1. Can you go through THR352, THR365 and tell me which one is β-branched (Val, Ile, Thr) and either part of a loop (DSSP other than H, G, I, E, B) or at pLDDT 90 or above (or both)?
2. Sort out which residues of segment 382-411 are touching a strand residue (DSSP E or B) at 6+ places or on another chain (Cβ under 9 Å), assigned to a loop (DSSP other than H, G, I, E, B) and over 30 Å from HIS235 (Cβ atoms), and write them in order of number.
3. Go through segment 401-454 and give me each residue that's basic (Lys, Arg) and at pLDDT below 85.
4. Has segment 227-242 got any residue that is β-branched (Val, Ile, Thr), assigned by TED's automatic domain parsing to the domain that holds ILE199, surrounded by 15 or more Cβ atoms within 10 Å (Cβ to Cβ) and under 22 Å from VAL178 (Cα atoms)?
5. Kindly evaluate LEU20 against the criterion of being outside any loop (DSSP other than H, G, I, E, B) and without any contact (Cβ under 8 Å) to a residue 24 or more places away in the chain.
6. Taking TYR180 and the conditions (1) part of a loop (DSSP other than H, G, I, E, B); (2) surrounded by 23 or more Cβ atoms within 10 Å (Cβ to Cβ), which numbered condition does it fall short on, given that it satisfies the others?
7. If I ask for residues that are touching a strand residue (DSSP E or B) at 6+ places or on another chain (Cβ under 7 Å) and surrounded by fewer than 19 Cβ atoms within 10 Å (Cβ to Cβ), which ones from segment 312-347 would you list?
Amino acid sequence: MHFLREWDRDSFDEFHPYCLAGRNGSGKSNVLEALAAIFYHLECIYLEYRPDGFEFDDQKNPKGFKAERCEPDAFELEYLIPDNVAKRGSVISFYKAQLVAHIRITKKAGRRPVIRYAQAFQDSEKEGEELSRQEVKSYLPKYIVGYSSGDNEILSLPFFKMRFIHFDEYRDHLIKDVPYDGKPEGRMIFVDDQFSQAILICHFLFPSEPILRVFEEKIGLKAIRRFRIIIRRHHREKLAKERLETMSLSEKELEEDTPKTTVELTSKLTGHYDEQNQLQPGLIDKLILCSTTHYEDYSAYSDGEGFDLYLDYWVNDATKRAFQVHFGDSSGGSDDFNKAKSALNLFQSFQTLLTLNHYKVDAETKAELYQSSSLYVNETISTPASRERITRFKEGELIKDRVKGGLYVKAFSDGEHQLLHTIGLCLLYRHESALFLLDEPETHLNPDWRASYISTLRAALEADGRASRVMRDVLLTTHSPFILSDCSKDYVLVFTKDAATQEVKWQRPDFETFGASANAITIKVFGQTETIGDYAMSKLNSLRKRLDAGENPDQLIKDANNELGDSVEKVIFVTQALTKKEDK
C-alpha cells in the first residue's frame, strides 16, 4: 500500500488523515492490526528492558520472543520522519522547514528486520546505510497511539502486551531495588475506558486556549470542579532472589512472605534521598502535595500494614499552581506548548499508576499473552474489581454548559466518552511525532459530530502554531460517509473482499469524496443503493406490488404518505403511481 505517492510529494507537509473504508470484514482494520504488530515487534527488539522469561530459549522458552520471528513474518515498511541532529544534512526533503529522514525497514521471513537510513525521495531506490541500535530508537515514531471503539482485540493485543512489559519493568525495578524514573520505556499507548478521567484531569489542570476551545465548542465542557484518586497501598511483592541473598535472614525467614522479605507495590513511587541526603519526592508524594486534602484508611486491612490512600482535589488556581510546580514541563516555547507538555507528563504518571492494576495476573498467563498472536485479552485477563485496583479515579465532577451543578464523568453518553477518548488523546500528543491508529472512532457519535469529526481532529492536532508543524500520521477506519466527505479521495482507501476467494483488494475512489453527499458515498463506497432501511423498503415494495396488481393509485399514494416518511424512494414510488394513473 502506497500512502504517499510520488505525485503527492509536493503537498506531503499538509496534514491529512488516511481514511480506510469498506464494509464489515472487508480487511480495512487488518492494516492497523499489521502496523501495531510490526511496531510492537520493533519496539521489543530495541527495548533496554525485557521481562525475565520473555526471550526465546531453545530449551526453556521455545515460544519466547525472537527478533527473527514476527506476525506478520515478512514485510517492508517505509516512512518519513524528522531527521536526527547527528545525521542532519544528508537528506534533501523538508517538512515545514524541518529536515526529513527516509526510513526503510525490511524483514524477510525467518530473518531479523533490517532498518536503513535511505536518501530522500529522489534516491529512494538506493538501499541506504543500516542504522545502529541507538540510532534506530530515534527513528521510530515517538509514540504509537491506538484506539478501538469495539472489541478489535487483534489491534489491541500488541498494546496490551506492552502494558504488561511496562508492569514487569516497574516490578523488576521494585523487587531488585534499582532506580525507576517514573515512566515506562515503551512508546505504545492504547486508550480505553480506564483512561477517561485521567485524560480530562490532565487537560483541565493545565488548561490552554486550544483545549478549552475544542472541549467547550464540541461538548460544552468548561472545567473540572473536583476529583478523587484512591491508591491501594497493601499489595506486596516478594523481593528478588539476588536481593534476598544479601540479607542476613534464616532459611525459614527467606521462605516466608513477611515485611522483611517483601516490598509494597507502590513504594518505588514514593520519595528517596539523593546523594546530598535531600528528600526527592516521588510520584505519590507529589500527588499528596498537590491534593486539597488526603487521608489514609486502614479499616479494610486487618494486618495494620496496608491502607487506602485517599487524595481529594478541589480544583482552583492554587491546585493548578501546585500541579505546575510538581508536574510542569517548561522545556521552552509558548505557554500553550509548555502546558501541553505538562499535561502529557502528568498523563504518563497516571499511566504508570494505572499499569499497576495488572498486579494480579500470574506469570503463566503473562507468558501466554506474550507468546500469542490471537489471544482474546478480555476473556483471558480479567479486570480487577474496583475495590481491588491499585489506582482508581472517583468523583470526577465537571462544569458543563446548561447543566446545573456538576456533571460526573460516568454520566457521559457513549458518544461523549468516545469523543473525549479520541480527541482528548490527540490533544495530549499533538506536539509529538506519533502514529495514531484509530479503529472506527465515530461509531457512537451522533450525525452532527460525525459530520464534524475530521474538522475536530484537525482542530486538536493543529491546535496551535507549533502543533501544526509536527510531523505525524493518523490512520482511521470508518463506516461513516460523513467522515469520507471531509477527506480528499487521495487520502481515502476503499476495501473490498471477494466472497468466494476471500481476497482483499483496495483502491482509491474513482470519484472525488471531498464534499460529496452522504448518499453518493453510501452508494459508491459501501454499495448501499437505498437510502432507507430494509424494513421500510419492504413496506414500499409491498405498495409497488399492489400498484402492479391494479389497485387504485390515489389510495396507494395516500397509504405511502401515511406509512412512510420523506425519501427519494418514496418520491420515485409516488411518481410511478401518478404515471400509472395518467396511463389509465
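The values are calculated or read from the model by the stated rules, or taken from the named source; none is laboratory data. Predicted model, so just to flag it, every value in this text is computed and none were measured. For neighbour counting, all protein chains shown are included, and Cβ atoms are generated from backbone atoms with ideal geometry for every residue, glycine included.
1. Result: THR352 is the single residue among THR352, THR365 that is β-branched (Val, Ile, Thr) and either part of a loop (DSSP other than H, G, I, E, B) or at pLDDT 90 or above (or both).
2. The answer is ASP401, GLY405, GLY406.
3. Residues satisfying the conditions are ARG402, LYS404, LYS410.
4. Scanning segment 227-242 turns up no residue that is β-branched (Val, Ile, Thr), assigned by TED's automatic domain parsing to the domain that holds ILE199, surrounded by 15 or more Cβ atoms within 10 Å (Cβ to Cβ) and under 22 Å from VAL178 (Cα atoms).
5. When the stated conditions are applied, LEU20 does not pass them.
6. The number of the failed condition is (2).
7. ASP312, TRP314, THR319
A quick yes/no check of all residues on (1) part of a loop (DSSP other than H, G, I, E, B); (2) without any contact (Cβ under 8 Å) to a residue 40 or more places away in the chain; (3) surrounded by fewer than 24 Cβ atoms within 10 Å (Cβ to Cβ); (4) among the β-branched types (Val, Ile, Thr):
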| site | (1), (2), (3), (4) |
| --- | --- |
| THR422 | no, no, no, yes |
| HIS431 | yes, no, yes, no |
| HIS444 | yes, no, yes, no |
| ARG458 | no, no, yes, no |
| MET471 | yes, no, yes, no |
| LEU475 | no, no, yes, no |
